[in-house]
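Working notes, beginning with the structure itself.
Rule-based calculations on the coordinates, nothing more; no lab input. Computed from a prediction, not measured in an experiment: that's the story for all the values here. Glycine gets a Cβ as well: all are built from the backbone with ideal geometry, and neighbour counts include every protein chain shown.
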Amino acid sequence: MTELTPIIAIDGPAGSGKSSVSKEVARRRGYGFLDTGAGYRALSWHLAQSGVDGTDADAVIHALAAFNLSLGLDPDDRTVTVGGTDVTAVIRTPEVTAGIAAFVQVAEVRAWLNAIYRRLAGESGLGGVVIEGRDITSVVAPDAPVRILMTASPEVRAQRRGIELGADTEEVKQAILARDASDSHVLDLAEADPGVDVVDSTELDFEQTIEAVIAVIDRKLEAHNGR
Ligand code: DC
């Protein structure tokens with residue numbers, strides 16, 4: 001029997017660095033990289049384009065039938081398309097981000113996206129796939145051999161994002177705390193599931209964070225393969 005593609009499940013809050021770290025870890029290992037937030041973003045864009053009210057759960061579920069999402073696994077090609085339209089850049093705008101909260105808790109939407117994510121990872125044929133998001137360690141891939149929660153203090157996350165965006169740190173911190181609150185239904189920052197390794201990057205730079213994540217992957221895969 002062929003071994004299924006090992007999944008490296010990584011969760012973390014806004015500004016934890018999980019996206020850039022996950023991507024770089026995937027590159028170094030030759031793994032695929034799946035950014036699950038992109039699916040939620042693309043749906044927010046699709047609903048706005050189709051004139052669907054995101055707070056109307058029935059309408060959102062109905063709109064899934066025409067939501068033709070395509071996501072790649074190449075860490076160096078993050079192209080996202082919906083019905084053939086390249087939405088890679090537009091899904092990062094504040095309008096699209098703000099639209100997500102209206103439908104993010106609809107169970108059918110989450111199940112629909114999760115089925116796509118599991119299929120993409122399962123069919124990849126790669127040595128591994130890093131999947132990053134909010135509910136990967138708990139819902140999308142609870143049986144993954146490697147499950148990591150990346151954290152950092154809100155102050156440090158705000159500082160990193162502020163530098164990235166060229167914005168005021170205090171304002172960014174408030175925005176980050178608001179995102180933590182709206183994500184709290186999918187991500188428990190205070191307590192990781194048993195079996196989830198926490199990588200706290202508050203005191204680490206980018207390279208040290210990558211090394212810490214790779215150390216967890218090596219340790220967990222070795223234990224998994226030696227079962
Ligand atoms: O990681 P991101 O900022 O691109 O995610 C955008 C939003 O999508 C985030 O605020 C919460 C939601 N999301 C989610 O609910 N579950 C995921 N696995 C990934 C993202």
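Just a yes or no: is a residue in segment 13-24 more than 12 Å from the ligand (Cβ to nearest atom), closer than 30 Å to LYS220 by Cα and in contact with a Lys or Arg (Cβ under 6 Å, 6 or more places away or on another chain)? No, segment 13-24 contains no residue that is more than 12 Å from the ligand (Cβ to nearest atom), closer than 30 Å to LYS220 by Cα and in contact with a Lys or Arg (Cβ under 6 Å, 6 or more places away or on another chain).
Listed here are the residues, each with its yes/no results for (1) within 13 Å of the ligand (Cβ to nearest atom); (2) under 18 Å from VAL196 (Cα atoms).
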residue: ARG118; (1), (2): yes, no
residue: THR137; (1), (2): yes, yes
residue: THR151; (1), (2): no, yes
residue: PRO154; (1), (2): no, no
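Before we move on, is ALA212 over 16 Å from the mean Cα position of the chain (by Cα) and not in a helix (DSSP H, G or I)? No, not satisfied. Being within 16 Å of the ligand (Cβ to nearest atom) and surrounded by fewer than 21 Cβ atoms within 10 Å (Cβ to Cβ) holds for only one residue in VAL216, VAL186, and it is VAL186. Applying the criterion of at least 1 residues that are closer than 23 Å to THR202 by Cβ to the helices (runs of 4 or more DSSP H) found wholly in segment 87-179 leaves 154-165.
Only one of the numbered conditions (1) surrounded by 16 or more Cβ atoms within 10 Å (Cβ to Cβ); (2) in contact (Cβ under 8 Å) with a residue 60 or more places away in the chain; (3) among the small types (Gly, Ala, Ser) is violated by GLY162, and that is (2).
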